[in-house]
Every structure is written in C-alpha cells, then in structure tokens.
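Please treat every number below as a calculation from the coordinates, not as lab data. Keep in mind that what you see is a predicted model, and the values were worked out from it rather than measured. So basically every Cβ, Gly included, is an ideal-geometry build from the backbone, and we count neighbours across all protein chains shown.
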Amino acid sequence: MYAHGHEHPSIGHSHEGHGLGPASTAILGGAVAATILLVAIEFVAGYAGNSMALVSDGIHNLTDIPGLAISWLAARWALRPPTHEKTFGYHRAGILAAFANAMVLGLAALALISESFLHLRHPEPVKTGLMMWVAVGALAINGGIVIAVHYGRRDLNVRTVWLHNLGDALADVAIFTGALAIRFTGAFWVDSALGIGIGLLVLWSSGGILRESGHILLEGLPRNLRLQEVAEAILKTPPVREVHDIHIWTLGTGLHSLSCHVRIPDMHMEDSEKLLATIRSLLERDFQITHTTIQFERAGLPAQSGPYMPTPLRRSVS
C-alpha cells in the first residue's frame, strides 16, 4: 500500500515569522533613499576634510546601495504567489540577494583595507570637526535603519541589511571617537587605522552571511535541526516501522521542507490518512517544518536508499 502526503500551507503567503510584509518592504525602500543621501554627504565631507575614514565609510555605504536595492526588490518578490513555473514561489529571492550582497561587500572590504594601508604609511592632516559632525549625522541615519528593520532580522535578506547598518553605526561611533583622539593627540594615523578597522568589520560580517546563504542554496539541513532527531520522532509514531530517504531543507526564512519514505503495516486508507495528519502535526509542532512530502510504503519490502540518508531507522521487535 502506498500513500503520498503533501502539504504547503504557507507557500506564497506572508505571515508572522516567515518573511516580510508590505510595511517592512517600504522600510527597505526608505533605507535605500537614506543611504544615497548619506553617501553624498560622506564623499563631500571626506574630500573636504581629507579624511580617509570618511571616504572609506562613504565607499562602504556606496556598496550598500545596490545591496539594499536588491534586498528591497527581493522582499517585494517574496510576496508574490507561486506560479506554474515557480511552484515554490519567490522565497529564495531573498537568499539570492543575501548571497550577492555578501560577495560584493567582501570585495569592497578588501579594497578598503588595501587603500587604508597605503594611507597609513603616509598619514595626512584631517579636519576633525567635520569628521565628528558627519559621524553624528551618519550614526543617526544608520541607527535609524537598524531600529527600523530590527524585528524583521530573522529573514536572512533583512539580516544582511541589519548587520551592515549595525556595522556602519559602530563605524560611525569609531570615527567620532577617532576624530576626538586626533584632535587631542595629533595622531593622524588614527584615521587610516579606522579605515582598516571598518574594512575588517565588513569582511567579517559579510563572510557569515555568505556561509549561511550558501548553505541554504545548497539545500543544507537547517542549522537548528538534527536529522536523526526528526527521523526518530517520526519513528516513535505508532505504527511506523521504518523511516528512510529523509531530506530536510529551507525554502526561505522560516519555511522548512521535508520529504521521506515511511514504512507502515497494511491498514485501511482512512487510518493511513490519520497517521499522515499525526506526523504532519508532529513535524510542525516540534520542528517547525510546515511543508512535508511523505510517502508510505508497506513494511517488509526491500529498502531503497537515495543519494544520501542515514541508515534506515527501524522499530525494534521485542
């Protein structure tokens, strides 16, 4: 006897914990406009004040603009329903945006570090007063974006925006503090050192996003789940005899999928439907897996394994 269970209650819908709503999407759009204004201010002030730290931060924020724009577009795409060609919808758009953003930021960070090292060898005077005023204005903008997207940071796409702007805000604090240090000590090398520090911060944060988004794009097991634990939970549901070919992956933020084969004894179709509903409920309640594809197989037939799965779990016979 074979039965096939398939459920996807959340695909194509936006709801709490699974992505962004129109309000959050509008916030990302506002973040793009605010960042463009900030870049213009930092470039003008950086060249006028001869500050490598401000120019570096301006370049950093300039690289954020395409990323923010992609994130904004990805958030809009994620709200679209599934189509005949995109049967899972557009939830992966945000993950692709995060991956692309991380790559761009990593390259930009390396360029910032290299340029700052050159200036560190030949420090030049900077206008500390201008540095401090621009740093305060930049902190207001970046801090505002961080607060605005704070509650949506479970979404990997939004988390890139949150992390980048949090790093920017910390960099603004460092620039202000560095300007004070230069004013009172005359150590102009501090400006270039800040440029290096900002570059390292960007490199670190983008590396984490790159690893996580790449893991999802490669259909990796969600970080908060253990394959063995999920298989054992299904196996403990009477009268399941064996679980094999189990795969778990992420469609988009908060949307986990599972497919597996479950061996059960002969039973009436109505009973197998009840068992299927029980397993679905278990997976959603205990593991937050909301999209399931479960194939029932008659116990006693030869097991067939897929490309990779753990050794089939079988209920012990006492």
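Within the set of other residues whose C-beta is less than 14 Å from the C-beta of G89, count the net charge using Lys and Arg as +1 and Asp and Glu as -1.
Taking every other residue near G89 into account, the sum is +3.
Under a 5 Å amide H to amide H cut-off, with H placed in plane at 1.01 Å, what residues pair with F296 once short-range neighbours are removed?
Those qualifying (amide H under 5 Å, at least 5 residues apart or on another chain) are A3, H4, G5, V262.
What is the set of long-range amide H partners of H291 at a cut-off below 5 Å, with H atoms built 1.01 Å from backbone N?
H256, L258
Please enumerate, by chain and number, the lysines with C-alpha under 26 Å from the C-alpha of K274, excluding those fewer than 8 residues away in the same chain.
K236
Mind listing the phi-derived Karplus ³J(HN,Hα) values for the stretch 141-147, rounded to whole Hz, using 6.51, -1.76 and 1.60 with θ = phi - 60°, and x for any glycine or proline?
5, 5, x, x, 5, 4, 5
Excluding A140 itself, calculate the net charge of residues whose Cβ lies under 15 Å from the Cβ of A140, where each Lys or Arg counts +1 and each Asp or Glu counts -1.
In short, -4.
Taking Cα pairs under 8 Å and at least six residues apart, what relative contact order does the stretch 112-242 come out at, in percent?
Relative contact order here is 31 percent.
Can you work out ³J(HN,Hα) from phi for every residue in the stretch 126-136, in order, using Karplus 6.51 cos²θ - 1.76 cosθ + 1.60 and θ = phi - 60°, giving whole Hz and x for Gly and Pro?
My calculation for the stretch 126-136 gives 10, 8, 5, x, 5, 4, 5, 5, 5, 4, 5 Hz in order.
With θ set to phi - 60°, apply the Karplus curve 6.51 cos²θ - 1.76 cosθ + 1.60 along the stretch 168-178 and write out the HN-Hα couplings as whole Hz, x wherever there is a Gly or Pro.
Going residue by residue, I get 4, 4, 5, 5, 4, 4, 5, 5, 4, 5, x Hz, with x marking Gly and Pro.
By how many nm would the segment from L200 to R285 lengthen if fully extended, with 0.36 nm per residue of separation less the alpha-carbon distance?
That works out to 26.5 nm of additional length.
Between the stretch 172-234 and the stretch 280-301, how many Å separate their Cα centres?
Computed from Cα coordinates, the inter-centre distance equals 37 Å.
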